[in-house]
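Notes follow once the structure below has been shown.
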Amino acid sequence: MDDYAVVTVCAPIFVPIAIALGFDPIWFSIIFILNMQVAYLTPPFGWALIMMKGVAPPDITTRHVWQSVPPFVAMQLAVLILVMIFPQLALWLPGKMM
């Protein structure tokens with residue numbers, strides 16, 4: 001499913017549960033989106049990889065595209081873990097806006 005569809009279906013279910021458990025809804029939403037970013041780069045589906053293969057030159061194989069993914073997934077997982085450990089990384093800017 002597209003990310004908008006996932007958010008539309010899952011947000012009304014998971015956000016009230018997260019609030020009831022005492023999590024900040026903005027932090028929870030950012031964690032949710034970061035997880036979806038990782039999902040877009042990882043098998044078995046990997047939408048971003050399918051799109052990348054579509055715009056790559058003909059001499060670039062699907063194997064080349066899939067082999068280039070691990071560093072990007074590692075960076076996204078590192079950011080996800082940092083935001084989970086230090087919620088202020090995700091809440092600083094929204095806090096300045098309110």
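Would you compute, from DSSP H runs of 4+ residues alone, the mean residue ellipticity of the chain at 222 nm, taking -39500 (n - 2.57) per run and dividing by the full residue count, rounded to the nearest 500?
Values: 6 runs with 76 residues, N = 98.
One gets -24500 deg cm²/dmol as the mean residue ellipticity at 222 nm.
Sticking with the crude label model, points 7 Å out along Cα→Cβ, report the distance from Ala20 to Phe45 in nm, one decimal please.
2.6 nm
Does segment 12-88 classify as rounded, prolate or oblate by the C-alpha gyration tensor (a ≥ b ≥ c root eigenvalues; a/c under 1.5 gives rounded; else a/b over b/c gives prolate, otherwise oblate)? List each step's numbers first, then the result.
Numbers: a/c = 4.18, a/b = 2.37, b/c = 1.76.
Prolate, because a/c is 1.5 or more and a/b exceeds b/c.
Loop only by DSSP, 14 or fewer other Cβ within 10 Å of the Cβ. Give me the chymotrypsin sites (Phe, Trp or Tyr not before Pro) in the chain that pass, ordered by residue number.
Details: sites: Tyr4, Phe14, Phe23, Trp27, Phe28, Phe32, Tyr40, Phe45, Trp47, Trp66, Phe72, Trp92; in loops: Phe23, Phe45.
Qualifying residues, ordered by number: Phe45.
Ranked by Cβ crowding within 10 angstrom, fewest neighbours first, how are Thr42, Thr8 ordered?
Working: Thr42 18, Thr8 11.
By the 10 Å Cβ count, ascending, the order reads Thr8, Thr42.
Just to verify a number: FRET efficiency for Val38 and Met98, C-beta to C-beta distance, R0 = 25 Å, to 0.05? Can you show the working numbers first?
Numbers: r = 28 Å, r/R0 = 1.12.
According to the calculation, E is roughly 0.35.
Counting alpha carbon pairs within less than 8 Å and at least 6 residues apart, what relative contact order, in whole percent, applies to the chain?
Working: 45 pairs, mean separation 25.0, N = 98.
Here the relative contact order equals 26 percent.
Fewest first, what order do Lys53, Lys96 take by the number of other Cβ atoms within 10 Å?
With the fewest neighbours first, Lys53, Lys96 line up as Lys96, Lys53.
Each reported figure results from applying straightforward, stated rules to the coordinates on display, with no laboratory input. None of the values given here were measured: they were computed from a predicted structure. Backbone-built Cβ (ideal geometry, glycine too); neighbour counts: all protein chains shown.
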